[in-house]
1. Can you run down the residue pairs with Cβ atoms below 9 Å, 6 or more apart or on separate chains, where the first is in the stretch 53-70 and within 19 Å of Gly196 (Cα to Cα) and the partner is aromatic (Phe, Trp, Tyr) and crowded, with 17+ Cβ neighbours inside 10 Å?
2. Are any residues in the stretch 186-235 farther than 23 Å from Arg157 by Cβ, among the aliphatic types (A, V, I, L, M) and part of a strand (DSSP E or B), and if so, which ones?
3. Consider Val197 carefully, then state whether it is closer than 28 Å to Gly41 by Cβ and surrounded by fewer than 23 Cβ atoms within 10 Å (Cβ to Cβ).
4. Select from the stretch 1-42 the residues that are over 14 Å from Leu222 (Cα atoms), in contact with an Asp or Glu (Cβ under 9 Å, 6 or more places away or on another chain) and either within 15 Å of ligand 1 (Cβ to nearest atom) or charged (D, E, K, R) (or both) and list them in ascending order.
5. Could you tell me which numbered condition Lys47 fails, if it satisfies all but one of (1) part of a helix (DSSP H, G or I); (2) at positive phi?
6. Go through the stretch 56-85 and report how many residues are hydrophobic (A, V, I, L, M, F, W, C), open to solvent by 40 Å² or more (accessible area, probe 1.4 Å) and over 18 Å from the mean Cα position of the chain (by Cα).
7. So how many residues does the stretch 26-80 have that are away from ligand 2 (no atom under 16 Å from the Cβ), small (Gly, Ala, Ser) and out of contact with any Leu (no Cβ under 6 Å at 6 or more places or on another chain)?
8. Confirm whether Val34 is touching a strand residue (DSSP E or B) at 6+ places or on another chain (Cβ under 9 Å), in a strand (DSSP E or B) and within 23 Å of Val159 (Cβ to Cβ).
Amino acid sequence: EPLVELDGVGKSYGNVRALHGVDLAVRPGQVTCVLGDNGAGKSTLIKIISGLHRHTEGEFRIDGAPVRLNTPREALDRGIAAVYQDLATVPLMPVWRNFFLGSELTRGPWPVRRLDIARMKRTADEELRAMGIVLDDLEQPIGTLSGGQRQSVAIARAVHFGARVLILDEPTAALGVKQSGVVLKYIAAARDRGLGVIFITHNPHHAFMVGDHFSVLRLGTLELSAGREEVSLEE
Ligand code: ADP
Ligand code: ADP
């Protein structure tokens, strides 16, 4: 059963119809790629799924049940996490500290007990390694990492805090060939851990490297919705 399903979903901003009649499914262990030019409706689509906007037509289901999310918090509570390009990281803070930023674990009386810090570092290290992310020093400020590595940390963090669906908005757009490769590798790692991934991209090549399903938006409607086998060149 799909984790997330859109059935004829649409969204109007006043008179502007940004999205119309969109069907989409996100399954565990699969990458659903969403492609399309500027203005095609990609942002509107992910804002609906991540709880920032409400749809004005059709049905949005999580685990088979119709929902209407009011806030990103509600989406997170259902296991839907969006990782945006401008990551919510504090550049001067150590990698491990960023890993727990905004989490329950870092709240409470300051300073955090020494024991907790040791445990947080160990947890961050374990989670990063589980995703195949090897950093030699978790004490280094996250701002010293490459863009690809920072996104990787954000992906590992979302996985650790219970994400079942990962929304990645143009994660490779600002990156070069090598860094894009790093991010694509972690998208595959998230998929292999059973997450459903929504990968928004302008780059068909990147999409094809990790995608299981391809949805192309044009002027707010689906121009193409096809599985990998349907668009493959192989027999
Ligand atoms: P994309 O992310 O693919 O560039 P968007 O979802 O941002 O596309 O935009 C889809 C359409 O909806 C565009 O025509 C855009 O101008 C319009 N649009 C997006 N957000 C708003 C808004 N808040 N109010 C009015 N129109 C909007
Ligand atoms: P919701 O969270 O209910 O989806 P939005 O935040 O998308 O609502 O916007 C609420 C209303 O405000 C929309 O229906 C739209 O008409 C108007 N609106 C929001 N952003 C813009 C914008 N950039 N330009 C024009 N109208 C907007």
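The values are calculated or read from the model by the stated rules, or taken from the named source; none is laboratory data. The shown structure was predicted, so the numbers you read here are calculated from the model rather than taken from an experiment. Backbone-built Cβ (ideal geometry, glycine too); neighbour counts: all protein chains shown. All accessible areas refer to the heavy atoms of the entire protein, side chains included, with ligands and DNA or RNA removed. Shrake-Rupley method; radii C 1.70, N 1.55, O 1.52, S 1.80 Å.
1. Pro66/Phe60; Val67/Phe60; Leu69/Phe60
2. Val216, Leu217, Leu222, Leu224, Ala226 - these are the residues of the stretch 186-235 that are farther than 23 Å from Arg157 by Cβ, among the aliphatic types (A, V, I, L, M) and part of a strand (DSSP E or B).
3. No.
4. Glu1, Glu5, Ser12, Arg27
5. Condition (2) is where Lys47 drops out.
6. Residues flagged as hydrophobic (A, V, I, L, M, F, W, C), open to solvent by 40 Å² or more (accessible area, probe 1.4 Å) and over 18 Å from the mean Cα position of the chain (by Cα) within the stretch 56-85 amount to 1.
7. So the count comes out to 4.
8. yes
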